[in-house]
Each structure stands twice: as C-alpha cells, then as structure tokens.
Amino acid sequence: MLFNSIEYVIFLPIVVMLFYLLPHRFRWMMLLVASCTFYMWFVPKYILILLITIIVDYSAGILMEKYADNHKLKKRFLVISIVSTCLVLFIFKYLGFVNDNLVALCQSLHINLNTTVDLILPIGLSFHTFQSMSYVIEVYRGNQKAERNFGIYSLYVMFFPQLVTGPIERPGNLLRQLHEEKKFEYDNISKGFRLIIFGLFIKMVVADNVGAYVDMIYDNPSKYNSWDIILGMFFYSFQIYGDFFGYSTIALGSAKLMGFNITDNFNTPYLAKSIAEFWHRWHISLSTWFRDYVYFPLGGSRVKFGRWAFNIMVVFILSGIWHGAAWNFLIWGAAHGLLHIVEKAILNHLPEKENKGKLERIVIDAFKIAKTFILVTLFWSLFRATSFANISDLFTSLVNNFNTGEHLNVENSIWVYLGLFILLDVLLFNSRFDKWCDNRPAVVRWAIYFVLIFMIIACSSVNNFPFIYFQF
Amino acid sequence: MKKLIYKFALLAALLVLMNWIYAKFFFKNDLIKHSDEVELAWQVTNDSCVVVYTGESSNLTYSWKDKDQRKISDFIFDHFPGLKCGDMTKSASHAEVYYYLLENIPENAPVETVIVTMNIRSFGYDWIESNLETAIQKQLVLLKNYPPLFDRFMLAFKAYDIKTEQERGKARYYHLCNDKIVFPYPFNYSTSHEWDYAKAHEGVNDSEGVFNYPLTILACHYIKTYGFQIHENNPRIKDFDNIVKLAKERGWHLIFNLLAENVDRANELVGSDILYLIRQSHDFLLNRYGNIENVTVVDNIGDVRNELFIDQNWTTEHYSEMGRRTIANHVAQAVSNYYPDIYVENIAYDIPKNHYRIDLGFDSLTVYSAMPYGLTIKGKPADIDSNCEKVYISSRLWKDESSALPAIVMELYKNGTKTHFNNLSLNDMTDAIGKWDFTTAVLPIDSTFFNADEFRIFLCNPTDSPIHIKSLDVSFEYDDYARTN
C-alpha cells in the first residue's frame, strides 16, 4: 500500500480509530494485522521472507539472552542470525548482480557460463533486515532485553509506518514504545496530521511534479541543452529529497497519530556545509546504523588517518551497495567516501581562522553549502542513471550541448512548488514541521494547512511515481 | 475529543471553500490537461448538435486508396442535410468513455439523438484489460459527476483502475485461462487458452499448404480476441446499461451502432466455431438492447467483407471507404426514423459500384434439385472499375451434407448469350456441416469479364440435399487489396 494512495487514506484512519478504541492489550495484535495487510498489499507471498527473518532473529535474541554467560555460544547465535539475515538479503538483492558479473567475467575469459537469476526484490527488504539486525546486535551487546512476545517482536520489524522505507528503527526506541500504553492525546493527532500533510505535499506536489522533467532529461540526455541537463540534475536532487523526505515524514506522522515517536530521518541536508555533515542530515537512521554497527566496531575515528580513511571507505561503499546491487551505487558510495576523506584531509591542513567577521562567515558558509550541494547533485546523477552508458551520455551532453539541444519547457508552477519547498526547508532548519507549527498563531497554522491541502489535491502530479526508495 | 470534532468541522468548511476555488480557477485547465476528450463534449455542445455520434478508431481510420477519406459519422450526416450533427471520436474509446462524455453534455443542450459505437471486441478481456486502459481510466476521473475537488483528489491519490502493463497482462491471461466457453455441440476446448494453445501447435497453412507463422499468430489472436461469451457481469454491459439509463433520463433517441467484424477472416483462419461465438455475442447484445423503447441496435456484424478491412494482419474495425459507407448507410436508415423529412436516402458519391449484396437477415432461401439456383446477383461489368482484378464472393449458408456438386457460379452474358462460366465448389470453401458458416471465394477477372454485358453470380445446388443461404456478397477489388501475410 502506498502512502499516497486512496487505499492508505482509508486504511490509516480505520487503524488509528481501532487503535484507540481497543484496550491496550489487544492493540499490538491489531497493529500486527494492519501491518501484515499493509505489506501484503504489494506482493502477499513476500511476507514469508519477512517471517523467516523474524523467526530467526527472534529466536537468536532469546537464545543469546539465555546463554548470556557463555560468550562463545552467544556469539555463535549472533553470527547465525546475522549470516542468515544477510543471506536472505544477498539472495534477493545481490545474487543477480553477482551472477551477471560472473557471467560477464567468464565471457571475457572465454568460459562458457550462462546462468540467470531472476528474483524480484521484496519491497523494503534492506530496511527491515537492517532493523532486525540492529535488534540482534543490541541484545548481543546487552543493551536490549530479548523480546519474549513473538507478536510484539514481529510488530517491531513490521510496524507499517516504517516497514518499507524506514526510518530504520532501533529496539531501544520502537520496541520499548510498543509495550507502552498510549493514551489518546489531541496533540498527537494534530502533530501527526501536520506531518502527514507536509509529507504528502513534498512527495506529491514537489517530488512527483519535478520528477516528470527529470525523467525527460535522464531518458534522453543527448536531446537537451547543457543548461537544461544541469536543471534536470538539480531537479533530481529535489525529487529524491522530496520523495524520501516526504515518505519519512508521512511515516513519522502516521506513527505519531497513535502516539509513537519514530526517528527523524532528515534534517535539511542540503544546508550541510560538508559531505560529513550531509550524512548527518540525510537518511539519518541509515547513517547512524552504519556508524554504530560498522564504523565504530572498525575503530571509528580514534585511529590513524590511513585506517580512518579505510573505515570511511568501507562504510560508504557498504552504504552504496546497500542502496542497490549495481556498480553505479557502489561508485556513488565510494565517491561520497572519497570526498569525505578529501574534505577531512584539507581541513586538517587548513589553519582555523579565528575572529571571522559575520559577513565573512556568512559568505564562507554559503560557499560551503553551495559546494556541498553541487557535489551531492553531481553524485546523484550516478544514483539516478540507469546504466554507465546513460551516465556517459549525460556528462558528454552536459559538456557538448551548450549551443545545441532542445530546451525543457518547465511550467511556471514548478518554480512555485520548488520555491515553497525550499523556503519551508530553510525555515525548518534543525526543526520539524509539526514542532515549527506549534510556535505559529492558529490563523497562520490553518492558512498553512489550507495551502498545503489545497496543493496536495489540486497541484499534485497525476503521474504515477512510486517512492524511489521502495526499490531498496 | 470535542476539540478534535471542532477542528474537523473547520477542516470540512475549508474543503468546501477549496472546492469553490478549485472549480472556479483550476478545474477547466485540469480538464483540458488531463481529460482532453471533454473538449469533444464541449464542441458538440457549442455547435448545438442535435445528432451526436460517439466512436473510436473505426471512425478515424481510412485507407490511402479511399477517394473519400471522411469518417463513418460524416457519411451518416450526409443523409441529413441541414441537421446539426457532431461526433465525439477518440481512438481506443469504449462504452465507459462514451458514457462519461455523454454525461458531460449539459442537460439543456439540444441533443436529440445519440449514436453510440458498439464493438463486440470491446467486451473481451483482451480489450477490457488492454495496456491502454490505465491511461483511459486516468482520463475519466475528472469527467465524473462529483464535486471537482473530489474528482481531483481521486486523481491525485490514484483512485482509479491503475495497473501496470504486467498486471494487465496477468489479468488478460487469467481470463483467457479461466473464462469458460460453452458450445451447444461437442468442442475440444473449455477455455480460449486451451483453444489458442492448440491452434498455435496446429498452425495455419497458406494457400500452398505451407505452414505460415504470421497467419498462425493472427489465428491465435482471433481466438484471444473473440473467444469469449458475454455475461451479465461483463463490465461493458454495465457501461452500455448506464448509457441506456442516461439516454432515458435525457430523453434521447439512442442508436447502438454494432460494428462489423471481420467474420470472413475469422472463419478462414479459425473456422466456424469462432463465428459461433461472435454470433452469440451479437445475439446477446441484440436481445439485450434491441427491445428497449427508444433504443435501436443497428446490426452490421457480418456486413463488411474481409477485403474492406484495412488491417489484414490484426483484428480491428478499420474499414476502407466502402466498408464505412455500408455501416453509415445502415445507421442513417435507423436515424431516419426520427428525421424522415430531412433524410436523403441516396447519396451520390464518386466511386465505382464495386460492391453488391443480398442479405435475407433472419430468413434464408433453400436451394436444392427442385430449385437449384438461389440468391442471384446481377450486374453490368461496365459499372465496375476496370482496374479491378478479383472478385470476392462471400455467403452465409448451411449445408447438411458434403458434396462436390454445389457451387458458387459466375456467368457472363454478351448480347443475351452466355459467353463464360466459372464455378467454385462449396466443398473447397467450407467443410461445416449442419451449422451456419461464412464462406469466401476469390475469382480472378480479366478482359473477358469487362467485354461482357452482364454478370450473374449465384448459388447452384443440383443435389437433393438442401442448402440454406442467408446472404450473398460480391465485391470487386484491386489486386493490392489482397490479403497480406
């Protein structure tokens, strides 16, 4: 079920109403049924894959707690759990990629290998496997008690607002809340509603409308003028941001309606002054997952520069291939990692100038923000491109088509939507829409609701753009 | 909770205001942008049309060889000079589209008569679940008769039959495999899928008896397209019922234009079983809509011969000029019931008279030894375009026995004396025994033909076993009309 579908518009109020009407002890059951329904709306049979992951990790959690004193055995359970979860991920996400590359390699060596793997990636697999793994690791580390209630543990993995594209929750946050009795509070309904309309606005009005132009450029870059290709790349930065931020915000809002607080996934990432800061602000739940479960165990930053650079590259390459089983994602991740290292290396050699004037600081910050945004935008083209030929075509046309090529006929309304989104994003710097609204007078708040709801209905794209992160 | 109810009331009030703003300032542009066919309804309204024709590609397609390349609707309107007529035609449309277009004609518009194209193919799941359907359904959302903001909401939240091409393909396949087809006589296959599969394996041979792959594909396509039976719950039935209801509400005369299908080709490639299903669908529609007051069904089903179909490699209702004129004449006759004073029966048009037809409708003529000649078409070769090189002779008949003697005969006369005789054995045209069948035969014509004063084409049956004939159709054609493989 998509958040921007009529099915969800009907589904969510029913679930929220049932949630508050039922006694606390039955709520998790209802939420579990609702989550299964939500997931099975896509491809019902894939719930079995989810079930396997849930059973393995649930059992591993209990066994690790049972054998808490036997470190060797405990570790063995952890390894079994992680390997089996990763195996599911590998089979459905990476096996095809590995097979294709093996076939290509064999062909180049004149070895006859002609195998094909044609498995469809279950929606949100990377998200819920990571969420499940974080539980097992936390139990192993002793930070989390093993969950005894299989239903509640299943709900932790399957909680519908964040089931298919996150945020990737930690047991310390979500699992704990699933046990808490939630009381009906007007404030939760109000905030949840605000977040949902804001999320729908940026997904349906901004991302989807801009997406139509992005498709035109990326489908046939050589047809367009260089300036329009740049515009297309710029639009994609806002499409992917609007799309993912929109989804995460609707997820936050949906959970909030029932009193659940889930992790913020974005914090004005395009105002980041460096790549490192960008990753503190973009897809925060994934960045922190890699930080806690990969980067820190590798030694983090408390090591020599060379080792640190290695750690960074490992994390970013893993992050790249987490997004998709293709070379372009790997290169995209590596490019971010490399830039992060270069930025740090330059910073290490630049003396920090003190007593900067206000204006000077503003200009430097603006330059840093612009530089980071431009680099991120450039890298997004690796992410968006459908093949290396597409990337090559894009950049060749970008360089050569300054005096040739067609112009994109961008509707004026697009600039209005983008302008409004950028304005709101800047206003929300280090804040969140629901909280930001709290500080506005009622008339202003309702005027904002009016504009957003009207735009969601009257100005949203009629094209069917699935959420970009669904594919991961 | 009280606070919440108060806020919801406020939200509802704002929605009413939003609807007003949207309807006033945005809706028209959105209609043009996302449902441009509405302009067709606006056009017939602005033109104060009294007669409105709704159609799909059959009303848009013509052959480059046609001397008059206008639409079926134009040919109909030729019969009613001075009457304000208009058409709402869009490719791939079907009854649901027509319904919403008609609904968008204001109630105070002067429309009196509505002609709606009825296409048997559109009742099959091959069309209902066609890959174009998602786009069509999307276009219909804003045409629905709800508050404009609600329609736009439904469009924004994709509240219509939205499926990917893959899902459509699956749905088509599901119906192909699961919709039972029942015959009143023993038939080897219970579904079109089984039939299609068998046909694909059996193959179709060309005139030289060699397996022909494109013809086999085409034969299978005929099975997929026409191999269904219409039931009450068919979505198109609901759409046509809605049109009938709407016409009743608006006081319109309603004419359903049941288009001709290429029964010759269907018979030739698949056989009489597919004709049975086509005939059954035809009968179902005629029975359902033919007896309603103020509703007329114009039956063209078998009235256009194969050579008048433009697309020889696919199942369409795209006709060359003669085909379009045949249909238009039939529809015009039906319309004439409402405008007898304006109706002009004979329209002069500048094309050779190459087409002759006798159709007894539900009656038939029995031909046997006591009355061996039946249903004769006579004509003058001088009336035929001298570039014609072939004559297609089609008939719908029933025989009880197989015999080499019954034949379709062509005789030529000069100064009252028979100068030429040619015959084609019925056995070479059909092996159907004990059921109605369409037959088609082709004879070459040359200078002998054009030198004659008169030609006669008829069925000859010297045997005692009767042959019943319903129709005889003769069409003289240029060589490049010949079917392509």
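No lab work stands behind these numbers, since they all come straight from the coordinates. Predicted model only: the values in this text are computed from it and were never measured. In this analysis, Cβ positions are derived from the backbone assuming ideal geometry, glycine residues included, and neighbour counts consider all displayed protein chains.
Neighbours of A:MET258 by Cβ distance under 9 Å: Lys/Arg scored +1, Asp/Glu scored -1, total +3. In the protein assembly as shown, a dipole from Cβ-located charges (positive for Lys and Arg, negative for Asp and Glu) runs towards its positive end, and of A:GLY192, B:TYR98, A:PHE90 it is A:GLY192 whose Cα lies farthest in that direction. Each Lys and Arg adds +1 at its Cβ and each Asp and Glu adds -1 at its Cβ; summed about the Cα centre, region B:172-223 shows a dipole of about 220 debye.
Overall shape: oblate for region A:6-184, with the ratio a/c of the largest to smallest alpha carbon gyration tensor axis at 1.5 or above and b/c at least equal to a/b.
Taken one residue at a time, the phi angles of region B:461-470 give Karplus couplings (6.51, -1.76, 1.60, θ = phi - 60°) of 9, x, 8, 7, 7, x, 10, 9, 10, 9 Hz. Gly and Pro are set to x. Debye-formula intensities of region B:157-240, expressed as log10 I(q)/I(0) at q = 0.21 Å⁻¹, are -1.08 (one equal scatterer per alpha-carbon, no solvent). Straight-line reach from A:LYS371: which lysines have Cα under 16 Å away, leaving out those fewer than 8 places along the same chain? By straight Cα distance, A:LYS371 reaches A:LYS273, A:LYS344.
Look at the alpha carbon pairs under 8 Å that are at least 6 residues apart: their mean separation over the length of chain B gives a relative contact order of 15 percent. Projecting the Cα positions of B:PHE256, A:CYS106, B:THR134 onto the charge dipole of the protein assembly as shown (unit charges on Cβ atoms of Lys, Arg, Asp and Glu, taken about the Cα centre) puts A:CYS106 furthest along the positive direction. Using alpha carbons only, how many degrees (0 to 90, rounded to 10) separate the axis of helix B:235-250 from the longest principal axis of chain B? It works out to around 70 degrees.
Between B:LEU14 and A:ALA345, the simple label model (points 7 Å from Cα in the Cβ direction) yields a spacing of 5.3 nm.
Taking a Cβ cut-off of under 12 Å around B:TYR98, the surrounding Lys, Arg, Asp and Glu residues balance to a net charge of -4, with basic ones at +1 and acidic ones at -1. Specify whether the C-alpha gyration tensor of region B:198-248 places it in the rounded, prolate or oblate class, a ≥ b ≥ c being the square roots of the eigenvalues: rounded for a/c under 1.5, otherwise prolate if a/b is larger than b/c and oblate if not. Taking the square roots of the gyration eigenvalues as a ≥ b ≥ c, region B:198-248 is prolate. With an 8 Å Cα cut-off and a minimum separation of 6 or more residues, compute the relative contact order for region B:172-223 in percent. Taking the mean separation of contacting Cα pairs over the length of region B:172-223, I get 26 percent.
Among the listed pairs A:LYS356/A:LYS435; B:LYS378/B:LYS399; B:LYS163/B:LYS224; A:LYS203/B:LYS28; B:LYS90/B:LYS158, a Cα-Cα separation exceeding 29 Å is found for A:LYS356/A:LYS435. Between A:THR115 and A:LEU51, the simple spin-label model (points 7 angstrom out along Cα→Cβ) gives 2.8 nm. Quick check on region A:276-435: take the gyration tensor over C-alpha atoms, sort the square-rooted eigenvalues as a ≥ b ≥ c, and tell me if it's rounded (a/c under 1.5), prolate or oblate. Taking the square roots of the gyration eigenvalues as a ≥ b ≥ c, region A:276-435 is oblate. The antiparallel fraction among DSSP beta bridges confined to chain B stands at about 70%. For chain B, the mean residue ellipticity at 222 nm estimated from helices alone is -11500 deg cm²/dmol, where every DSSP H run of n ≥ 4 contributes -39500 (n - 2.57) and the total is divided by all residues, rounded to the nearest 500.
Of all lysines in the structure, those lying under 18 Å Cα to Cα from A:LYS93, and not within fewer than 8 positions of it along the same chain, are A:LYS45.
The angle separating the long axis of helix B:165-178 from the principal Cα axis of greatest extent in chain B is about 50 degrees.
Summing charges over neighbours of A:SER190, with a neighbour being any other residue whose Cβ is under 13 Å away from its Cβ, gives +4 when K and R count +1 and D and E count -1. At a Cα cut-off below 15 Å, give the aspartates and glutamates reachable from B:LYS84, other chains included and same-chain residues fewer than 8 away excluded. Result set, ordered by chain and number: B:ASP47, B:ASP74, B:GLU112, B:ASP341. Relative protection proxy for A:445-454, B:47-56, from highest mean packing down: B:47-56, A:445-454 (other beta-carbon atoms within 10 angstrom). Computed on chain A, with alpha-carbon pairs under 8 angstrom and 6+ residues apart, the relative contact order is 20 percent.
Taking the Cα centre of chain B as reference, the dipole from Cβ charges on Lys and Arg (+1) and Asp and Glu (-1) amounts to some 1960 debye.
Counting Cβ atoms of other protein chains within 10 Å of each residue's Cβ and taking the mean over peptide A:4-11 gives 3. Distance between the pseudo-spin-label points of B:ARG456 and B:LYS170 (7 Å out from Cα toward the beta carbon): 6.4 nm.
Take each residue of peptide B:156-164, count the partner chain Cβ atoms within 10 Å of its Cβ, and average: the result is 5.
Rounded to the nearest Hz, the phi-derived 3J(HN,Hα) couplings of region A:50-65 under the Karplus curve 6.51 cos²θ - 1.76 cosθ + 1.60 (θ = phi - 60°) are 4, 4, 4, 4, 5, 4, 4, 6, 5, 5, 4, x, 5, 5, 5, 6, where x marks glycine and proline.
The 3J(HN,Hα) values that the Karplus relation (6.51, -1.76, 1.60; θ = phi - 60°) gives for region B:47-59 are, in residue order, 7, 6, 5, 9, 10, 10, 10, 10, x, 10, 5, 4, 9 Hz. Gly and Pro appear as x.
How many angstrom lie between the Cα centre of region B:261-281 and the Cα centre of region B:355-430? Taking the Cα centre of each part, region B:261-281 and region B:355-430 sit 21 Å apart. Under Stokes-Einstein, with the Kirkwood radius over Cα pairs as Rh, the value for region B:355-481 at 20 °C and 1.002 mPa s is 144 µm²/s. Mean partner shielding of peptide A:450-462, defined as the number of other chain Cβ atoms within 10 Å of each residue Cβ, is 6. Hey, what D do you get for chain B in µm²/s if you plug the Kirkwood alpha-carbon radius into Stokes-Einstein at 10 °C and 1.306 mPa s? Once the numbers are plugged in, D ends up at 64 µm²/s.
Is it possible to state the helix-based mean residue ellipticity at 222 nm for chain A, with each DSSP H run of 4+ residues giving -39500 (n - 2.57), the sum divided by total residues, to the nearest 500 deg cm²/dmol? What is it? Write down the numbers at each step before the final one.
Details: 20 runs with 312 residues, N = 472.
Mean residue ellipticity, 222 nm, calculated: -22000 deg cm²/dmol.
Take every Cα-Cα pair in the protein assembly as shown and report what % of them are more than 46 Å apart. All intermediate terms of the calculation are to be shown ahead of the outcome.
Numbers: 210003 of 457446 pairs.
Counting pairs separated by more than 46 Å, the tail of P(r) holds 46 percent.
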